[in-house]
Amino acid sequence: MRHFPIFIDLRGQHIVVSGAGAVAVAKLQLLLKTEATVCVYGHNPDRRVLGWADEGRINLTCRAIKRDDVIDARLLYAANGDAGEDARVAALGRSNGCLVNIVDNLEDSHFITPAIVDRDPVTVAIGTEGAAPVLTRQIKAANEAQLPRDLGVLARLAKEFRPHAEVLPYGERRRSFWSLFFTDIGPRSLIDGGEEGVRASLQSALEEALGNTEPQGRVTIAGAGPGDPDLLTMKARRALNECDVIVHDRLVAPEILELARREATFIEVGKVPGGPSWSQDDINAVLTEHASNGAHVVRIKSGDPTVYGRLDEEMDALDATGIPFEIIPGITSASAGAAAIKASMTMRRRNSSIRFITGQDVDGFAEHDWKGLAEPGATAAIYMGVRAARFIQGRLMIHGASPDTSITAIENISRTDQKVVSATIATMSNAFEGAGLKGPAILFLGLAPREAIQHTSEFEIEEATAS
């Protein structure tokens, strides 16, 4: 991110615009929404500039800008449409410590002006750092359509009432109060009774919330999916946006955590294969402690929590302390992996079942029905199988599996650094070791990438051969 978005307080400040023609008009249309004093300097003013001056909305001086004109300026816009004059004006601004914007000159500007969706006091600023103006307009149009015109009125009334609502305990109860106001009570009251109706409904809702003294602590156990934020369910996204505490594994993608409420407390309870790890008892204690104190805790796990997520142990701990919980399923890595290589996990006349197995358990490498897995057409998704690849290879070969049977490893499924390694039972251990797989991966026994994916550059494909 080159340009960090901030909101500058312009109440009582001076904004200076050099240029009074068509180039300046577009900027002035936005600047006139602020509470700043806007001073414009330039020859041959556009008729709209003259109109704003006549209305007293700007201070217009019909000459070129001078050094003394920018002494008190908070922001300076060079909008002359002439590169030489804009450079002169920018130099004046920099020498006086102004933040300078040169219209249509990204490289020489201190800041850029975003597209704005105005629901004052709610403001949505949109920018692409000059890369895609068309995309900016599309995003602005989408936000304009999504945000009700009366949202600003509700936000203003909420701001007035905010000191009264602070009698509610900070956290879940207070957020629930405001969430209910903006999604239900506020819009209905505004339609039925205008602003006074909204004020009355706010007071009634607060009295009701104060009378509700039931403990609010709870836990949401959510699946983060395989890593692509677009594969996160809407329900999980809402939970991340509403909670007080987020307890997450190291495998949960940073892009997923970026969607979470920033004021939440983040606790990483990583488990590193062969390295330092949180014990399950410690994780259980974190969940119960924060929920017992009234917090809404989201326990988010990579993939789906019901698939090799040690879900039962956490549910048992919550049940033992009487803490309510819900489970939000996620897209398990097996489903996402099969989609990534464009393969079906079940196919008529090939396999009537698909097994989800693990390469390791608490005692080391996991034992399974190797005879059944070695049969022609058998298909399995093997979690935590990379470190156990040589063990799995040996077990399958001992039980008569064909050495030519396909087995595919997919690392970092659905992420931008996804890697697919296509091998056979005969070549798998050397192939996976040679590929340097370090991230979370799934092995697919009996599945190979569809021919089409081997000719696309979307993801890295490595064809493994016997060494």
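What follows draws every value from the coordinates through simple rules; no lab data is involved. The model shown is predicted, which means the values in this text are computed figures rather than measured ones. Using ideal geometry, Cβ is built from the backbone for each residue, glycine included, and neighbour counts are taken over all protein chains shown.
Side notes on the structure shown:
- Sequence-distant residues sharing a close amide H with Ile407 (under 5 Å, placed H): Ala423, Thr424, Ile425, Gly446
- Using the Cβ-Cβ distance between Asp282 and Ala64 with R0 set to 45 Å, the FRET efficiency works out to roughly 0.05.
- When you count the other C-beta atoms within 10 angstrom of each residue and take the mean per peptide, 234-246, 128-140, 364-376 line up highest first as 234-246, 364-376, 128-140.
- Shape analysis of the chain yields a ratio of the Cα radius of gyration to the Kirkwood radius, Rg/Rh, of 1.10.
- Amide hydrogen neighbours beyond the local backbone of Arg119, cut-off 5 Å, H modeled: Val124
- Gain upon complete extension [Glu375, Glu208; 0.36 nm per residue less C-alpha separation]: 53.7 nm
- For the range 334-463, the C-alpha radius of gyration divided by 2.2 N^0.38 Å, with N the number of residues, is 0.97.
- With respect to the chain, whose longest principal axis is taken over its alpha-carbon atoms, helix 83-95 is tilted by about 90°.
- Radius of gyration, Dmax [the range 151-211; alpha carbons; angstrom]: 10.6, 30
- Thr183-Thr37 pseudo-label distance in nm [points 7 Å out on the Cα-to-Cβ vector]: 4.7
- For the chain, adding -39500 (n - 2.57) for each run of n ≥ 4 DSSP H residues and dividing by the number of residues yields -10500 deg cm²/dmol at 222 nm.
- For the range 110-115, 3J(HN,Hα) per residue [Karplus equation, 6.51 cos²θ - 1.76 cosθ + 1.60, θ = phi - 60°, Hz, x = Gly/Pro]: 6, 8, 10, 9, x, 6
- Hz values of 3J(HN,Hα) by residue in the range 125-132 - Karplus curve (6.51, -1.76, 1.60), Gly and Pro given as x: 9, 10, x, 10, 6, x, 6, 8
- Here the range 399-420 and the range 314-374 have alpha carbon centers that stand 16 Å from each other.
- Karplus-derived HN-Hα couplings along the range 154-169 (A = 6.51, B = -1.76, C = 1.60, θ = phi - 60°), whole Hz, x at Gly and Pro: 4, 5, 5, 5, 5, 4, 4, 8, 3, x, 5, 6, 6, 6, 6, x
- Rounded to 0.05, the FRET efficiency of the Phe266 and Asp230 pair, given R0 = 30 Å and the Cβ-Cβ distance, is 0.85.
- Annotation: amide H of Phe325 within the under-5 Å range of Val219, sequence separation 5 or more or interchain, hydrogens built in the peptide plane.
- The slack between Arg57 and Thr416, meaning 0.36 nm per residue of separation minus the straight C-alpha distance, is 124.3 nm.
- Packing rank of 395-408, 297-310, where each peptide gets the mean count of other beta carbons within 10 Å, highest leading: 297-310, 395-408
- A full extension of the chain between Arg173 and Arg156 corresponds to an added length of 4.0 nm, given 0.36 nm per residue minus the alpha carbon distance.
- Rough spin-label spacing in nm, given labels placed 7 Å along Cα→Cβ, for Arg11 and Glu433: 6.9
- Protection proxy ranking of 42-53, 74-85, by the mean of other Cβ atoms within 10 Å over each peptide's residues and highest first, is 74-85, 42-53.
- Modelled FRET efficiency - R0 22 Å, Glu255 with Asn143, Cβ distances, 0.05 increments: 0.55
- Total lysine pairs under 29 Å (Cα atoms) in the chain, excluding pairs fewer than 8 apart on one chain: 23
- Cα gyration tensor category, rounded, prolate or oblate, for the range 218-331 with a/c compared to 1.5: rounded
- As a rough footprinting exposure proxy, the listed residues Tyr170, Tyr41 were ranked by other beta carbons within 10 Å of their own, and the order from fewest upward is Tyr170, Tyr41.
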